[in-house]
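Scroll down for the structure; my scribbles are underneath it.
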């Protein structure tokens, strides 16, 4: 297959500026500033079918089109690199190996949007990625690819790196905007949406690292070429899948969007570990419902995964073998989400700790038959939270009750966890 995001990577180190340029880096930016209008760049992204790679999967070009051109004052672009969802590490891999791709992609996006000041909001723990980005920005500026009058085109751009204080809720775009402004990272009410009133009250677009990193290839090679990289006609482009768990080769892979779950695990992952049999996986990051072997042939693309009862999300696949207790896995995830709640609304602040308490009862052997109905009720009620954190947290719980209810009932009937082999969530 033809690589897009990992094309320029060098084994075990960051790609240098000269290597990136020699391999075609910044050619898309040179072409855009010399030959294309901002509307041309935006239309190419729309035509490509690029959908957001940060979890929601919203069409990127359409999101850009919401920014009004007639409002006074500046506009902003924010790159969301606050990658704190368990099982998701693709943005870190991208930035540690090749920050240039994001820098070029952001510059193209800013040109399309009429933005002259953009920010990269990065997770506090991604120290090396932040160092690479700051180095990359400095080198691009020296080469005339950032700053005033880029490539003598009349377009100017300032690009700043902001390291997060470190909360999962900062991945929600309006909480991220609040954090960048230096206030408490609570989600904002919508409408108004950030495209109308975002950072400092101005029109703002928030895109993910992987999303923006696809833009240079789309501009350089055309939307039709980029679409043709997918595994199915319904998909578009490639996708980074970060695999962890009980597979032989846990790693981050760039694969055609629409590659099936089974092809991913049996292919680049090298199958399961010796002695392990596939039981289940989280297909798209910690906030997505489980898949089992019945989903082996599901194309890993937004719509097929949704039709099968889950979400593609970030593409973070966590694989579990036959020794894994699915109640304990779900409990481990709910503990994370309960801890990371901002506490702004009652369903999330009070509901997640209560769900955690019920799962702890079941896992510790003191569960009751009625607990299953209580959990199922909360799957429904927590969808009425202020933002997507609590509904996302209910993803694995919904999957547990739909696919592994017998296992939950066995816990309750035996008064103990029936799994004695150490499993992933206990390691």
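No lab work stands behind these numbers, since they all come straight from the coordinates. Quick caveat: nothing in here was measured; it's all calculated off a predicted structure. Here Cβ is always computed from backbone atoms with ideal geometry, including for glycine, and neighbour counts include all displayed protein chains.
Between the stretch 191-239 and the stretch 150-173, how many Å separate their Cα centres? Comparing the Cα centres of the stretch 191-239 and the stretch 150-173, I get a distance of 16 Å. Within the stretch 56-162, antiparallel bridges make up roughly 10 percent of the DSSP beta bridges whose residues both belong there. How far, in degrees from 0 to 90, does helix 370-381 lean away from the longest principal axis of the Cα atoms of the chain, to the nearest 10? So the inclination is approximately 20 degrees. The protection proxy used here, the mean number of other Cβ atoms lying within 10 Å of each residue, ranks peptides 408-415, 313-320, 239-246, 296-303 as follows, highest first: 313-320, 239-246, 296-303, 408-415. A straight line joining the Cα centroids of the stretch 354-382 and the stretch 53-82 runs 39 Å. Helix 326-340 axis versus longest C-alpha principal axis of the chain: approximately 50°, rounded to the nearest ten. Our summary gives the stretch 316-367 a relative contact order of 36 percent, counting only alpha carbon pairs under 8 angstrom and 6 or more residues apart.
More than 29 Å apart: what percent of Cα pairs in the stretch 17-227 qualify?
Summing the P(r) tail past 29 Å for the stretch 17-227 gives 17 percent.
Let me check against my output: what whole-number percent is the relative contact order of the chain, with C-alpha pairs under 8 Å and at least 6 apart?
16 percent
Helix content alone sets the calculated 222 nm mean residue ellipticity of the chain: runs of n ≥ 4 DSSP H residues at -39500 (n - 2.57) each, divided across all residues, give -12500 deg cm²/dmol.
For the chain, the share of DSSP beta bridges that are antiparallel, to the nearest 5, is 45%. Here the spin labels are modelled as points 7 Å beyond Cα on the Cα-Cβ line, and at residue 307 and residue 360 they lie 4.2 nm apart.
Comparing 143, 175, 44 in a Gaussian network model of the chain, where Cα atoms under 10 Å apart are tied by springs, the biggest mean-square fluctuation is seen for 143.
Going by average Cβ density within 10 Å per residue, which order do the peptides 202-213, 153-164 take, highest to lowest?
Working: 202-213: 25.8, 153-164: 16.7.
The packing order, highest mean first, is 202-213, 153-164.
Angle of helix 99-113 to the longest C-alpha principal axis of the chain, folded into 0 to 90 degrees and rounded to 10: 70°. Taking a ≥ b ≥ c as the square roots of the eigenvalues of the Cα gyration tensor, the stretch 171-216 is prolate, since a/c reaches 1.5 or more and a/b is larger than b/c. Just need log10 I(q)/I(0) for the stretch 309-427 at q = 0.19, 0.22 Å⁻¹, Debye formula, equal scatterers on the alpha-carbon atoms, no solvent, rounded to two decimals. After summing over all Cα pairs, the log10 values are -1.03, -1.33.
For the stretch 202-358, a/c is not less than 1.5, where a ≥ b ≥ c are the root eigenvalues of the C-alpha gyration tensor, and a/b does not top b/c. That puts it in the oblate class. Packing around the peptides 281-294, 378-391, 215-228, taken as the average count of other Cβ atoms within 10 Å per residue, puts them in this order, highest first: 281-294, 215-228, 378-391. Kirkwood hydrodynamic radius computed over the chain comes to 22.3 Å, based on all pairs of distinct alpha carbons.
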